[in-house]
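The values are calculated or read from the model by the stated rules, or taken from the named source; none is laboratory data. Keep in mind the model is a prediction, meaning the values are calculated, not measured. For neighbour counting, all protein chains shown are included, and Cβ atoms are generated from backbone atoms with ideal geometry for every residue, glycine included.
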Amino acid sequence: MKAYNVINTRLPRVDARAKATGDARYAADLAMSNMLYGALLQSPLAHAKILNIDTTAAKKLPGVRDVVTAKEAGLVKYGVSPARYDEQVFCSEKVRYVGDEIAAVVAVDLETAMEAVSLIKVDYEELPVLLDIESAMREGAIAIHDDFPGNVGAEVHQEFGNFEEALKECDIVRTDRFVNKRQDGGFLEPQACLAHYDLNGNLTLWSSTQSVHYVQRSVSMVLGIPIGKVRVIKPYVGGGFGPKAAVNTIEIAACLMSKRTGRPVKMVFSREQVFLHSRARHQFFHELTTGVKKDGTIVALKNTCHLDGGAYSSFGIATIYYAGSLLGAPYKLPNMKYDGYRIYTNKPTCGAQRGHGGVAARAAWEQQLDIIAAELKMDPVEFRLKNIMKTGDVTCNDFNMSSLGMKECLEAVRDGSGWSRKKKKLPKGKGIGVACGFFVSGAGYPIYRSETFHSTATIRLTEDGGAVNLYTAAAEIGQGSDTILGQIAAEALGVSLDDVTVHSGDTDFGVDLGAYSSRQTLMSGHAAKAAAEDTKRQVLEALSEVLNVSPVDLDIAKGVVVFKKEKPDFSRLRTAYAKEHRGWKDIPSEGELTFREAARIAFLTRGVIIGNGAYKPGELGGKYKGAAVGTSPAYGCSAQVVEVTVDMETGKVTVDAMTDAHDCGFAINRTNVEGQMQGSLSMGLGEALFEEVKFDGKGRVLNASLGEYRIATALDMPNVRTIIVESDEPNGPFGAKEVGEGAIMPTIPAILNAIYDAVGVRINELPITSERLYAAMKEKQKK
Amino acid sequence: MLLLPKFDYEEPKSMREALATLSELKGNAKVIAGGTDLLVNMKKGTVKPTRLVSLKKIGGLRDIAREDAGLSIGSHVTISEIADSALVGSLFPVLARSASCLGSPLIRNRATIGGNIVTARPAADLPPALMVLGAEVQLKGKGKGRTVSLDSFFTGPGSSVMKAGEVLTRITVPPVPSFTGGDYIKLGHRAALEIAIVAVASRLTLDGPDGVIVDARIVLSSVAPTAVHALSAEKALTGQRPSEELFARAASIAATECSPITDLRGGADYRCDMVGILTKRTLLKAFHDASGMKEGGA
């Protein structure tokens, strides 16, 4: 492998100092002089007609500057997928869940704004409330959206190969059901924003978002402000995991009210509002039928899935496709049938969350594969290895595994965990389990149909040559993309990471679709690399003219110019540089011509050096309907082994150890790759054991706090052994691909399989609370 | 958004001054110690004091002192200080254990023993341990002070025998008799930031290393409006020779002595079953420690 200077290292993050010292400012920390504070009126009812909205008293309250409803905001429909624009800023005819937005107020302070909200009087006519998919799909059920009688908001039917035919050659056919629970994103920073519509009609919105691009487009479309007049800036963001990948109501409301009042408007979600806005993991009801041959060959899979979508579509159209398309691989499966239904219910809207659409399906299938392995009397690792895909394989739904270190991952966790010493050999109550998974390295298509570049990047060198400014609209949301893109640019340009300043998350810096679908390392990374190469080319061309050396014989590495042939006499350049900087203490004096001197020459002969890069995926596979969801330039994959202890008397599960191997193609920053693996495991552990958004009979969230909605704490995490596998992805920058989401895929099923190994009980419903496992063990004893 | 309402705040220099304010404002003034419960409830609007009185400038509330062979603990001692105290750990390990189960490391650094008692939450961690230890609390009001056994302190969720204007100043724990052991076990979902699904504290005293049980105490938490003694189970143990069968019998009796509800954290049936399991486990540990203990205390 080629030797690198900046990438494949463990350099500290570029935002480490700011975050460790508290210097980093998040959207809720921002303030402007003359700023107003906004608050939302949200529906207390899950389903009701709005008969009348009376804002008189609210408007009269001293300190209130504006009150807006659908009358002021307009009735423009928006959403995530253009095919399902089903949201309005404020409800006009009816409310569809507890939390649906009806009005907003701005006032001189938040207390006044909140008081004014309480003075808005709304007359409702209550409608039947549909809180689960059974009642929503029942014959004669009221339509939550008029356009969708029956409340099926979307359905997907796909078949690759021939499932029924294929079953005939199977020796074992199993059908199992599995259900997860509705999740909350659980990010630490609630959504917050500050909007400022200035005197020239330019709108600037600072927001806690995963995608400045999508927010910019939505705000422009909904409010009718030309897109060139809308600038969206993402300050530091404290996590997103999916729910922040599309525009939210406070972003639009704050912009609207800033435009109307001419003053900056700030709005911040409370934690309860985070739960109401939701847009996190759906509840999936899977029924899987898998057929295998006696020799362990997996032949056929039928997957039927119902998704409880909540009140609106959000990312749900992508979710329903992913819930089908992310099965199959990483196993050689020739026949796969999928039927998916996304149902509207009167609950907060579900959307995308880490491992989008695939996590519950993966948990269901990897547990079923474990059951089948046992029926075959095959070791679960051996069974998986027998069916595993390798680099160059293409799935039956046309996903091209242009690199795939799946076998290496599986063998690594087998050997790294001491699998063969432990499997079936642990004392009762202790167990070990394994699972695999894969995920896209970026959605192959934008969420709206377009030929747009997915990522652009620009590098501008400072006139003294001393600094490299990288501009990208990519979103650093805590995952480390600023560091990764800085490292890629530094490596490609031949300088150190310290020489690069990353300016990111601003629509003024270009187009980038943002931090979702595990796309930024590959896609934004390509753009950053191309911009750096373009910059380097210009510097070297300028240098070649001055030194009369062919540019092909020049390179830059470690901050100095590399002369591939004879080193020319550059003393004239150095003398000129020294003269320009008389009195300065840092004039280069070593034997090498520095990047700084070379870049200075480039500026003197050509003006400001600006390098550009842009990326969109090439031709991707799949011509069938829905192929746009799941096709990707590359796929990451991973395997995990989990060891648990089950308290046989209480049902309490303790995760003792996790061994995780992930094929990220090529690690740009090894520490950051491990961080993403650890974070995924923690989220998967929480989803497996603790997390569930609960509702009362009227559709109100019962546990809208991080006290009663339990994400895993640091103390719940075992020591994790992380193993990085590098398969060198041909479609990735420097061979890199995803790690951010794919790493969560095996966690839940590996825990489920370990629990079975420990106590002989299969759990088909998450979360695996001590009470649920206790009941299952009791049930088993009865039999 | 949960906003903290406006309120006055004062830091009196003497207890007399503090008690005067509390008495003058009746229920409108509240003592603030760690604030981990009070401030949250004020944000939610469930309590609406107009003034908060901090006792941090008043001496004598932040120490853990040996008193005879027992302990006297100031009400403002933090949970971390109790969990980490060598004195508490050696004399009353069951109290140290319950302290180390409370909230998270961050909350333990703020929350106080007094606060954990006066808020009277049915799932509070310290009261069960303190109750099996026979702890008493000292209450000071405008008149003369009084001492109340923790066993008769709680009257319901969030309510106790404390009167408006009274302050809990100290907690006293009597000496441990010879051949005594105890345990506290909390069953929750996570390893931190948990309100118990069920918790049980037990203490056994034997009349000798191989003797019969002369005193048995079992307190069940999170399964009734207040922490409660499992009286019949305690009775079933007293005077008996310890054995696993005896403990199992006592445990199944204890499981009938609770009245849990089904809520977000767990179902009533599961909670009853877990009362049995945890009671048995705490008794086994209590017996193990009691029989290993030398005459004359730890």
Exercise for the section: Among residues belonging to segment B:57-69 that are surrounded by fewer than 16 Cβ atoms within 10 Å (Cβ to Cβ) and in contact with a strand residue (DSSP E or B) (Cβ under 9 Å, 6 or more places away or on another chain), point out the one that is modelled with the lowest pLDDT. Expected result: B:67
Problem - Residue list for segment A:434-470, restricted to those being aromatic (Phe, Trp, Tyr) and crowded, with 16+ Cβ neighbours inside 10 Å - result: A:438, A:439, A:445, A:453
Practice task
Examine segment B:219-231 for a residue that is part of a helix (DSSP H, G or I), more than 26 Å from residue A:768 (Cα to Cα) and at pLDDT 95 or above, and state whether such a residue exists.
Solution key: yes
Practice task
Collect the residues in segment A:762-771 that are in a loop (DSSP other than H, G, I, E, B) and either within 14 Å of another protein chain (Cβ to nearest Cβ) or surrounded by fewer than 18 Cβ atoms within 10 Å (Cβ to Cβ) (or both), keeping them in residue-number order.
Solution key: A:762, A:764, A:766, A:767, A:768, A:769
Problem - Search result, residues across segment A:373-394 that are outside any loop (DSSP other than H, G, I, E, B) and either among the aromatic types (Phe, Trp, Tyr) or under 15 Å from residue A:333 (Cα atoms) (or both) - result: A:383, A:384, A:385, A:386, A:387, A:388, A:394
Exercise for the section: For residue A:430, state whether it is more than 26 Å from the chain's Cα centre (by Cα), assigned by TED's automatic domain parsing to the domain that holds residue A:649 and closer than 27 Å to residue A:637 by Cβ. Expected result: no
Exercise for the section: Tell me, please, whether a residue that is of a type in the set (Lys, Arg) and in the same structural domain as residue A:527 (by TED's automatic domain parsing) can be found in segment A:451-463. Expected result: yes
Exercise for the section: Consider residue A:726 carefully, then state whether it is touching a residue at least 24 places away in the same chain (Cβ under 8 Å), of a type in the set (Asp, Glu) and closer than 29 Å to residue A:100 by Cα. Expected result: no
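Looking only at segment A:114-152, which residues are within 14 Å of chain B (Cβ to nearest Cβ) and among the polar types (S, T, N, Q)?
A:118
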Practice task
Output yes when any residue across segment A:220-230 is of a type outside the set (Ser, Thr, Tyr), modelled with pLDDT of 95 or more and on the phi > 0 side of the Ramachandran plot, and no when none is.
Solution key: yes
Practice task
Among the residues of segment A:682-705, write down those that are closer than 25 Å to residue A:745 by Cβ and assigned to a loop (DSSP other than H, G, I, E, B).
Solution key: A:690, A:691, A:692, A:693
Handout entry: strands (runs of 3 or more DSSP E) (entirely within segment A:581-681) containing at least 2 residues that are surrounded by fewer than 23 Cβ atoms within 10 Å (Cβ to Cβ) and more than 14 Å from every other protein chain (Cβ to nearest Cβ)
Key = A:610-615
Practice task
Search segment A:51-71 for residues that are closer than 14 Å to residue A:41 by Cα and pair each with any residue that is of a type in the set (Ser, Thr, Tyr) and surrounded by 12 or more Cβ atoms within 10 Å (Cβ to Cβ) when their beta-carbon atoms are under 6 Å apart and the residues are at least 6 apart or on different chains.
Solution key: A:53/A:69; A:66/A:261; A:67/A:55; A:70/A:92
Practice task
Go through the residues of segment A:480-490 one by one and say whether even a single one is under 29 Å from residue A:598 (Cα atoms), touching a Phe, Trp or Tyr at 6+ places or on another chain (Cβ under 6 Å) and among the charged types (D, E, K, R).
Solution key: no
Completion exercise
Going through segment B:149-174 in order, the residues found to be assigned to a loop (DSSP other than H, G, I, E, B) and surrounded by 18 or more Cβ atoms within 10 Å (Cβ to Cβ) are B:153, B:162, B:165, B:166
Problem - Hits in segment B:187-211 - residues which are in contact with a strand residue (DSSP E or B) (Cβ under 7 Å, 6 or more places away or on another chain), away from chain A (no Cβ under 14 Å) and part of a loop (DSSP other than H, G, I, E, B) - result: B:207
Handout entry: Selected residue (only one of A:774, A:756 is at the interface with another protein chain (Cβ under 10 Å from one of its Cβ atoms) and not basic (Lys, Arg))
Key = A:774
Handout entry: Test set (1) among the polar types (S, T, N, Q); (2) touching a strand residue (DSSP E or B) at 6+ places or on another chain (Cβ under 8 Å); (3) modelled with pLDDT under 95 - residue A:594 fails condition number
Key = (3)
Practice task
May I ask you to verify whether residue B:87 is within 14 Å of chain A (Cβ to nearest Cβ), assigned to a helix (DSSP H, G or I) and touching a Leu at 6+ places or on another chain (Cβ under 9 Å)?
Solution key: no
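Quickly run through segment B:242-298 and pick out the residues that are outside any helix (DSSP H, G or I), more than 11 Å from chain A (Cβ to nearest Cβ) and among the hydrophobic types (A, V, I, L, M, F, W, C).
Answer for segment B:242-298, where residues must be outside any helix (DSSP H, G or I), more than 11 Å from chain A (Cβ to nearest Cβ) and among the hydrophobic types (A, V, I, L, M, F, W, C): B:255, B:258, B:261, B:293, B:298.
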Handout entry: Residues (assigned to a loop (DSSP other than H, G, I, E, B) and at pLDDT below 95) located in segment A:707-739
Key = A:707, A:708
Practice task
Among residues belonging to segment A:131-188 that are of a type in the set (Asp, Glu) and farther than 27 Å from residue A:356 by Cα, point out the one that is surrounded by the most Cβ atoms within 10 Å (Cβ to Cβ).
Solution key: A:171
Practice task
Could you check, for segment B:92-112, whether at least one of its residues is in contact (Cβ under 8 Å) with a residue 60 or more places away in the chain, within 14 Å of another protein chain (Cβ to nearest Cβ) and basic (Lys, Arg)?
Solution key: no
Exercise for the section: Hey, could you check segment A:691-718 for residues that are under 18 Å from residue A:43 (Cα atoms) and of a type in the set (A, V, I, L, M, F, W, C) and say which is nearest to the other protein chains (Cβ to nearest Cβ)? Expected result: A:702
Practice task
Go through A:64, A:76, A:106 for me and flag whichever is surrounded by 14 or more Cβ atoms within 10 Å (Cβ to Cβ) and either out of contact with any strand residue (DSSP E or B) (no Cβ under 9 Å at 6 or more places or on another chain) or at positive phi (or both).
Solution key: A:76
Problem - Residues satisfying the stated conditions in segment B:1-16, i.e. aromatic (Phe, Trp, Tyr) and either over 30 Å from residue A:191 (Cα atoms) or touching a Gly at 6+ places or on another chain (Cβ under 9 Å) (or both) - result: B:9
Problem - Members of segment A:224-271 found to be under 22 Å from the mean Cα position of the chain (by Cα), of a type in the set (D, E, K, R) and within 14 Å of chain B (Cβ to nearest Cβ), listed by number - result: A:271
Exercise for the section: Please work out if residue A:721 is in contact (Cβ under 8 Å) with a residue 40 or more places away in the chain, farther than 30 Å from residue A:491 by Cα and surrounded by fewer than 21 Cβ atoms within 10 Å (Cβ to Cβ). Expected result: no
